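Below is one structure, written out as structure tokens; the observations come after it.
The values are calculated or read from the model by the stated rules, or taken from the named source; none is laboratory data. Treat the numbers as computed from the prediction; the structure is a model and nothing was measured. All Cβ positions, glycine included, derive from the backbone under ideal geometry; neighbour counts span all protein chains shown. The area values use the complete protein model at the heavy-atom level, side chains included, leaving out ligands, DNA and RNA. Shrake-Rupley method; radii C 1.70, N 1.55, O 1.52, S 1.80 Å.
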Amino acid sequence: MEHFAAHIAKLSAFPARLHAFVAPLTDTQIRFRPQDKEWSILENIGHLIDIDRLYVERVDLILSSERPQFAPFNPDETVQAGNYQTKSLSELMEVYTELRQATVAGLSTIEPDELTRVGIHARLGEITVARLVEILANHDEVHYTQMSNNLTQ
């Protein structure tokens, strides 16, 4: 439970860190795509929204059924469908911040015995609730790095 609490704290703190990162950026910087198939900062934030929704859905599915199989997820398709490149930074940050607060509130209600419940991931196989939360917390860092790298190109 100690590791779980640390992941929840990390998830809770990330929106403020992200806001501090993006606040001074220009419109050009947040819309810049380093390569044709790579995401802008706006698209990365949109993807974070998509992922929070997906992971909450998966955790809820595990908690409400036995060994559910997760539907396939294509991040590029969801980012494209979200059309995040045309959205405003303030709009995306507001959605993300509110969603993350709800995500943390929901995950904080998970009981210790529920952390070991399992779902079936197409690529990873069996995955516990605890592992899903860990992946979600670490996922933020991956995209923070990608967004930071956008500024150095």
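Only one of (1) open to solvent by 50 Å² or more (accessible area, probe 1.4 Å); (2) closer than 18 Å to residue 19 by Cα; (3) modelled with pLDDT under 95; (4) not acidic (Asp, Glu) is not met by residue 153, so which one is it?
That leaves (2) as the condition not met.
Given the criteria within 16 Å of residue 136 (Cβ to Cβ), among the charged types (D, E, K, R) and modelled with pLDDT of 95 or more, does residue 17 qualify? Don't jump to the end; show me each part of the working.
Details: within 16 Å of residue 136 (Cβ to Cβ): yes; among the charged types (D, E, K, R): yes; modelled with pLDDT of 95 or more: yes.
It is true that residue 17 is within 16 Å of residue 136 (Cβ to Cβ), among the charged types (D, E, K, R) and modelled with pLDDT of 95 or more.
Which condition from (1) surrounded by 11 or more Cβ atoms within 10 Å (Cβ to Cβ); (2) out of contact with any Phe, Trp or Tyr (no Cβ under 8 Å at 6 or more places or on another chain) is the one that residue 125 breaks?
(1)
Given the condition under 19 Å from residue 148 (Cα atoms), crowded, with 16+ Cβ neighbours inside 10 Å and of a type in the set (A, V, I, L, M, F, W, C), answer yes or no: does some residue in region 94-117 qualify?
no
Go through region 61-84 and report how many residues are farther than 19 Å from residue 133 by Cβ and small (Gly, Ala, Ser).
Of the residues in region 61-84, 3 are farther than 19 Å from residue 133 by Cβ and small (Gly, Ala, Ser).
All but one of (1) touching a residue at least 24 places away in the same chain (Cβ under 8 Å); (2) surrounded by 15 or more Cβ atoms within 10 Å (Cβ to Cβ); (3) not in a helix (DSSP H, G or I) hold for residue 120; state the number of the condition that does not hold.
Of (1) touching a residue at least 24 places away in the same chain (Cβ under 8 Å); (2) surrounded by 15 or more Cβ atoms within 10 Å (Cβ to Cβ); (3) not in a helix (DSSP H, G or I), only one is false for residue 120: (2).
Enumerate the pairs (first residue in region 33-47 and closer than 14 Å to residue 149 by Cβ; second residue anywhere and among the basic types (Lys, Arg) and open to solvent by 40 Å² or more (accessible area, probe 1.4 Å)) with beta-carbon separation below 6 Å, excluding pairs fewer than 6 apart on the same chain, so at least 6 apart or on different chains.
Sorted first by the residue in region 33-47, then by its partner, the pairs are 40/31; 40/33.
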